[in-house]
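These notes concern the structure reproduced below.
Here, each number is a calculation from the coordinates, and none is a lab measurement. This is a predicted model, so every value here is computed, not measured. Virtual Cβ from ideal backbone geometry, glycine too; neighbours counted across all protein chains shown.
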Amino acid sequence: MKGLIQRVSHASVSVDQQPVGSIGAGLLLLLGVERQDTEQTADKLLHKLINYRVFADAEGKMNLSLLQTGGGLLIVSQFTLVADTRKGLRPGFSQGATPAEGERLYHYFIQQARQQLPQVASGRFGANMQISLCNDGPVTFLLES
């Protein structure tokens, strides 16, 4: 499982020009599910994500986590994160989970996040989505479980 996180001052996602999720300050997570991923993989990535220290403390150092700051989390499915781009000029998706398993683990991840964080929003699995964000920093990290 791969998660591209971006620290944002705000972010939103729309489907067919209709807003489906938004947050204020916090993290935007683009989530890619791989073939071998399980609920345990999702739990491991979620633990890392909510405890990853990417927010500034009183001295301006990246020393605080999403859990500590109480910021929002916007979760958007992004199967292209698990593409194999090592060879050729076309991405390969053989390492990605099946659509059914990807959707199941995506919704599992959202459910688990909502149990641990006060503000969780999400996109719509499999939809063509438009994401708007203001990257704060910019701060972007690729997390893998």
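The modelled label-to-label distance for the pair Glu144/Gln40, using points 7 Å beyond Cα in the direction of Cβ, is 1.9 nm. Think of the chain as having a plus end and a minus end, set by charges on the Cβ of Lys, Arg, Asp and Glu; of Ile110, Thr98, Phe125, Thr98 sits farthest toward the positive end of this dipole. The string of couplings for segment 27-32 from the Karplus curve (6.51, -1.76, 1.60, θ = phi - 60°) is 10, 9, 10, 9, 10, x Hz, one whole number per residue in order, with x for Gly and Pro.
Using the Cβ-Cβ distance between Gln68 and Gln115 with R0 set to 22 Å, the FRET efficiency works out to roughly 0.80.
Fewest to most neighbouring Cβ within 10 Å: what's the order for Phe125, Phe93?
Exposure proxy ranking, most exposed first: Phe93, Phe125.
In segment 53-102, which trypsin sites (Lys or Arg not before Pro) are in a loop and have at most 10 other Cβ atoms within 10 Å, using DSSP for the loop call?
Working: sites: Arg53, Lys61, Arg86, Lys87; in loops: Arg53, Lys61, Arg86, Lys87.
Of the trypsin sites (Lys or Arg not before Pro), the ones in loops of segment 53-102 whose Cβ has at most 10 other Cβ atoms within 10 Å are Lys61, Arg86, Lys87.
Contact order for segment 19-95, expressed relative to its length and based on alpha carbon pairs under 8 Å spaced 6+ residues apart, stands at 37 percent. Each Lys or Arg adds one and each Asp or Glu takes one away; over the other residues whose Cβ falls under 14 Å from the Cβ of Asn63, this sums to +1.
Using only side-chain charges placed at the Cβ, +1 for Lys and Arg and -1 for Asp and Glu, the dipole size of the chain relative to its Cα centre rounds to 220 debye.
Rounded to the nearest 10 degrees, the inclination of helix 39-51 to the longest alpha-carbon principal axis of the chain is 30 degrees.
Figure the gain on full extension for Thr80 and Ala58 (residue separation times 0.36 nm, minus the Cα-Cα span) and round it to one decimal in nm.
Taking Thr80 through Ala58 to full extension adds about 4.2 nm, to one decimal.
Taking square-rooted eigenvalues a ≥ b ≥ c of the alpha carbon gyration tensor, is segment 1-87 rounded, prolate or oblate, where a/c under 1.5 means rounded and, failing that, a/b exceeding b/c means prolate?
Working: a/c = 1.97, a/b = 1.27, b/c = 1.55.
Oblate is the answer for segment 1-87, as a/c is 1.5 or above yet b/c matches or exceeds a/b.
Using the per-residue mean of other Cβ atoms lying within 10 Å as a proxy for protection, in what order, highest first, do the peptides 128-140, 27-39, 107-119 fall? Please list the in-between numbers first.
Values: 128-140: 13.6, 27-39: 20.8, 107-119: 16.2.
Ranking the peptides 128-140, 27-39, 107-119 by packing returns 27-39, 107-119, 128-140.
What you get for segment 7-80, charging only the Cβ of Lys and Arg (+1) and of Asp and Glu (-1), is a dipole of about 200 debye around the Cα centre. Based on C-alpha pairs under 8 angstrom that are at least 6 apart in sequence, the chain has a relative contact order of 39 percent.
Here's how it looks for Leu74: its modeled amide H is under 5 Å from those of Leu27, Leu28, Leu29, Ala121, which are all 5 or more places away or on a different chain.
Here's the list of lysines a cross-link from Lys48 could span, going by alpha-carbon distance under 18 Å and ignoring same-chain residues fewer than 8 apart: Lys2. Backbone phi angles across segment 78-90, fed through the Karplus curve with coefficients 6.51, -1.76 and 1.60 (θ = phi - 60°), yield HN-Hα couplings of 8, 5, 5, 5, 9, 5, 8, 10, 6, 10, x, 10, 9 Hz in residue order; Gly and Pro are listed as x.
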